[in-house]
Amino acid sequence: MALLQSAQESALGIGSAQRSGPFAQWVSRNAAILLLGLFMILFPAIANDFFLRQIAGWTMILGMIALSLTFLAGYGGMVSLAQMTVAGLAGYMIAVLGVSSLPKVSLFWPWWAAVPLAIVIATAFGTLAGALSARTEGIYTIMITLALATSFFYLTLQNWPIFNGFSGFTTIPAPHFLGVDWGKAVPLYYLILFFAALSYAVVLYVSRAPFGLALQGVRDNPRRMEAIGYNVTAHRIAAYAFAAVIAAIGGILLVWQNNQISPFSVGVDVVINLLIIAVVGGLGHPIGPFIGALIYVMLRTFALDALVAVGLDGRRFQTLIGLGFLVIVLFSPDGVVGIWRRLRERARSSQRTSRR
Amino acid sequence: MSTVFGEGEAARGGGRTDAFGRWIGHHPIWALIIAVAVIFFVWLVLAPWPAGFEDVLGKKLIFINALFNGITLGGLYFLVATGFTLIFGLMRNVNLAHGSLYLFGGYMGYEAGDLTGSWLFGYVIAFISCAIVGMAMQFLIFRRMEGQDLRQTLVTLGLSIIFSDLMVWVWGGNAIQIDTPDYLEGPVPTPIIVAVKSSGETVFLYYPLVRLVIFAAAVAIGVGMWLALNRTRVGVMIRAGVDDRNMLSVLGYRVQLLFILVFAFGAGLAGMAGIVGGTFQSLSLGEDSHFLLASLVVVIVGGMGSIPGAALGALIIGVSEQIGTVYFQNYSTVLSFLIMVIVLALRPQGLLGRR
Amino acid sequence: MSSIAERMAAAGTGNAIELRGVSRRFGALAALSDVTLSVRPGERRAVLGSNGAGKTTLLNCVTGDFPPTSGTVRFFGEDVTILPPHERIRRGLRRTYQISLLFSRLSVRDNVYLACRGVSRGRFSFIRTRASDGLMQSVADLISLVHLENVAERPVGELAHGQQRQLEIALALAGAPRFILFDEPAAGLSPTERSDLVAILTALPAHIGYIIIEHDMAVALRVVESVTMMHNGRIFKEGTPSEIEADPEVQELYLGSSGHA
């Protein structure tokens, strides 16, 4: 069973000699993702505001936050349910430090002061989550991070001085800079696209750097890693810190897109949905969480109509999600990425047989 | 070394008192501090408070009520957490559907009680319906995923989502309260002094009977489980299975049957706890997450796979939650959260857990 | 913490490994009782004994996998009793495991790379290692040393048992080891593979000492200059290979009863 399959990328840059040049090789190997990138860049030309915000924006933001989970779970073997909480904390800090509808709480700092501090605070929390779970056996990580996430939810719900209880914060605008209002649909789309693409590329690259390879070693055999000179606990905590930065940026973009945040942005169901997104997409490759996010967002947007069309109660969306998740865990635990890999393997082996 | 049933100390060759004595010998200062704290606390509870105290700590009535509420809440948490820790201890399955089982049992108990007018009969129905669900889960699904701990946990997650949604469909989003039966209704006098009136008359604490009865029942169940696990053949098998699962199948015991039994029992307990919770508080959507969280925190603090740990953790978390609610309104969950963080930082395996 | 200069100065004067009064209990079971042992830098020693004699526990105490319940462990003069394993490895200690502990989902090259990287700088680096980096050359050298060039890119999970054991040795040779602990390196090897193993061990540079735990006396006695026999968690006898082979007590206790020759 390959639930936490490692990302088997090409060898450390030592490619075999081929007839075409290295750049052409690189393009052909990565054709799919490059085409996707091109499509995403041109997307605003064909899409309206609804598709930009509700579909693409949400997909990329949820994808980013889920990417932080995929990084920890897929490359590190640590299933952390605290990533949505890290993102939510960053979002809350933007509301508290920056502009919102509540002058008695918000500090109204400019965005260039609020954003770094929000990222720092959220990353500190993510690192704390790591420090608390890193010394325990793998299966406890889910429990501990879920407990942390749920505690944070109750904190935001019950606390009024800082988090404004169940009302949360509204009217949180995205900033203006470089003469652009980044809150408008198209600029915000490109801002989100930039960070989503950047986080994807960084995770993919880092996975084969010493940091990423060491993390995979820690996943596969922590005892052996200690015995070849690695401080396993330090590596785990560092991984949490790295993942937290990605989640924090996702959380800030989330708040700029939604213009509001409340306890229900970090509730248990949202936290768990993020895990579902990561698992369904596939934990074995950084594109997995984005695939999972797309599926989730499409379902969430269109499921109501689809369910009603089939004669079922449109409100049973969560049951649908749960069933879909169960199907994946039972029949293809490595998610959509796993299905794709198996299809490619089958295509390759049938190509080989047909060539003989 | 059997961790589930507090056998660790005994197995180290000496018995519990020996280890305790050794600890006092090694840490005389800490032992003194703890002894003083315990004595102070006992005095705080039993004696009437002198005038100055009330100015600082508020009325003793509030404190005592919070304390008793916390202890009885601890009884409820013990019932829920013990099933959770039993399932993990034997099957290494983090059952994230445990909260759903709690809620389901509560709802079923409510319906049964409504139908028959008997509160106690509700417990029977709750236990049976949850046990059946638990058996089905183990037999139909988890049996095929032996050894894949993470995958089993993810399945419980998926199931909890579906269960949760289906329960909303059937019972809606409104809160349901289970009525306390007449024979348990009302407060009873206790020997705890609340205050001394200026006339010299002592005022004693009156506390709801139902909460005392349920706490007593939780203790009885805990003791019963301890006896069952230490004195019966099935209990021995369970303890052996917790220590070394492979040995169990090698010795020829029908491991799967044992798993089904344990899952059913753990689920049934959670279901019965649902009725308790429905009587103490209420049942509604969201309570499944709440009690799953409670199970998680109790077991993290008390120690995974340890039933005495579940009892200790439940007591600590129950009391701290009530104290937090009464004295720190805006930060009530923070106290339990801090306790969990401190335990994780200082002793990651939990207070009574073993690595 | 002593500086590198201090440590290097100490190396020439004292023992590489020194155990004093080391005991290790698991509950009521005493796996090691009051073991005192010294090994000089560059010395090759075998630790022999029947199952349960405490050999692997001894190794675990030296590497730090399990701390001793009492006693001290010194490595090149430095007290490492409470140091975590990774700190000891960075000071030049290495070990292999009785059952290969490898990274089954990574390739052979990645496994060796991790071992080399583990004892050098840049463990947390976010920059990928260039092919021209000296580290990559060391990786390639190690792979050829254990004859695994043909399978260098394959995931370790797909290797044969013998190949995995060879990789296990390669991991212990990474970086600049000063002392290696081999835990039953010949376990499950074919006769050809065993002679390969003997060749690798005898070809190691003279400054690298090692302790080898083995059941296979034929392999063990050919590659060492001194032997420590253990029984029931205690040191039973010490001497040269020929002395131990000829000793009647050893024959009765170990060779005779377990039938290994």
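Would you calculate, for chain B, the mean residue ellipticity at 222 nm contributed by helices, counting each DSSP H stretch of 4 or more residues as -39,500 (n - 2.57) and dividing by all residues, to the nearest 500?
-24000 deg cm²/dmol
Quantify how strongly other chains surround peptide A:146-156 by giving the mean number of their Cβ atoms within 10 Å of each of its Cβ atoms.
So the per-residue partner count for this stretch is 6.
Once the principal axes of the Cα atoms of the stretch B:161-320 are found, what is the range along each, listed largest first in whole angstroms?
So the extents along the principal axes, rounded to whole Å, are 73, 42, 30.
Based on DSSP H runs of at least 4 residues, each adding -39500 (n - 2.57), what is the mean residue ellipticity at 222 nm of chain C after dividing by all its residues, to the nearest 500 deg cm²/dmol?
It lands at -9500 deg cm²/dmol.
Taking the Cβ of A:Val279 as the center, what net charge do the other residues with Cβ under 13 Å away carry, scoring Lys and Arg +1 and Asp and Glu -1?
Net charge in that neighbourhood comes out at 0.
Quick one: Cα centre-to-centre distance for the stretch A:316-356 and the stretch A:54-74, in angstrom?
Computed from Cα coordinates, the inter-centre distance equals 20 Å.
Estimate the FRET efficiency between A:Ala113 and A:Lys184 by the formula 1/(1 + (r/R0)^6), using the beta-carbon distance for r and 30 Å for R0, to the nearest 0.05.
0.85
Counting only other chains, what is the mean number of Cβ atoms within 10 angstrom of the Cβ of each residue in peptide A:158-171?
2
Taking 60 Å as R0, compute the FRET efficiency from the Cβ-Cβ separation of A:Val27 and A:Phe264 and round it to 0.05.
0.85
Per residue of B:161-169, how many C-beta atoms from partner chains lie within 10 Å of its own C-beta, taken as a mean?
Taking all residues of B:161-169 together, the mean is 6.
Need one number: nm distance between label points at B:Ala35 and C:Gln137, each 7 Å from Cα along Cα→Cβ, rounded to one decimal.
For B:Ala35 paired with C:Gln137, the spin-label model returns 6.9 nm.
Round to the nearest 0.05 the FRET efficiency obtained for C:Ala187 and A:Arg135 when R0 = 35 Å and r is the Cβ-Cβ distance.
The pair C:Ala187/A:Arg135 has a calculated efficiency of 0.65.
Please compute the Kirkwood hydrodynamic radius of the protein assembly as shown from all pairs of different C-alpha atoms, in Å with one decimal.
Over the protein assembly as shown, the inverse of the mean reciprocal pair distance is 31.4 Å.
Taking the mean number of other Cβ atoms within 10 Å as a proxy for protection, how do you rank C:118-124, A:32-38 from highest to lowest?
Highest-to-lowest ranking by the protection proxy: C:118-124, A:32-38.
Kindly express, to the nearest 10 degrees and within the range 0 to 90, the angle between helix A:111-133's C-alpha long axis and the longest C-alpha principal axis of chain A.
60
Based on C-alpha coordinates, I'd like the Rg and Dmax of the stretch A:314-356, in Å.
Calculated on Cα positions, Rg and Dmax stand at 16.0, 54 Å.
Computed over the Cα atoms, what is the radius of gyration of chain B divided by 2.2 N^0.38 Å, N being its residue count?
Normalised Rg, Cα atoms only: 1.05.
Describe numerically, in nm with one decimal, the distance between label points set 7 Å from Cα along Cα→Cβ at A:Arg344 and at C:Phe66.
4.5
Give me the net charge of C:Leu32's neighbourhood, meaning all other residues with Cβ under 12 Å from the Cβ of C:Leu32; Lys, Arg count +1, Asp, Glu -1.
Residues close to C:Leu32 contribute a combined charge of +3.
Given a 10 angstrom Cα cut-off, can you work out which residue in A:Arg236, A:Arg346, A:Arg219 is the most mobile in a GNM of chain A?
The residue with the greatest mean-square fluctuation here is A:Arg346.
Any idea what diffusion coefficient chain A gets from Stokes-Einstein, in µm²/s, Kirkwood Rh on alpha carbon pairs, 25 °C, 0.890 mPa s?
Calculated translational D: 115 µm²/s.
Among the lysines, which have Cα under 21 Å from the Cα of C:Lys237 when same-chain residues fewer than 8 positions away are ignored?
C:Lys55
Any idea how far the Cα center of the stretch A:91-156 sits from the one of the stretch B:315-355, in Å?
19
Using θ = phi - 60° and the Karplus curve 6.51 cos²θ - 1.76 cosθ + 1.60, what whole-Hz ³J(HN,Hα) does each residue of the stretch A:63-79 get, with Gly and Pro shown as x?
x, 4, 5, 5, 4, 5, 5, 4, 4, 5, 7, x, 8, x, x, 10, 7
Counting each pair of different Cα atoms once, what's the Kirkwood radius of chain C in Å, rounded to one decimal?
This gives a value of 19.2 Å.
Let me know the whole percent of all Cα-Cα pairs from the stretch C:58-152 that are separated by more than 20 Å.
Roughly 49 percent, rounded to a whole number.
Grab the other residues whose beta carbon is less than 12 angstrom from that of C:Ala187, score K and R as +1, D and E as -1, and report the net.
-4
Quick check: the distance between the Cα centres of the stretch C:179-241 and the stretch C:117-178, to the nearest angstrom?
Cα centres, the stretch C:179-241 to the stretch C:117-178: 23 Å.
If we sort B:266-274, A:77-85, B:69-77 on the protection proxy, mean other Cβ atoms within 10 Å, highest first, what's the order?
Going from most to least packed, we get B:266-274, A:77-85, B:69-77.
With each pseudo-label sitting 7 Å past Cα toward Cβ, what's the B:Thr232-B:Arg144 distance in nm, one decimal?
The modelled label-to-label distance comes out at 3.1 nm.
Could you order peptides C:240-253, A:155-168 by the average number of other Cβ atoms within 10 Å of their residues, highest first?
The packing order, highest mean first, is A:155-168, C:240-253.
Taken together, the values in this text are just the output of simple stated rules run on the coordinates, not laboratory data. Treat the numbers as computed from the prediction; the structure is a model and nothing was measured. Neighbour counts run over all protein chains shown; Cβ positions are idealised from the backbone, glycine included.
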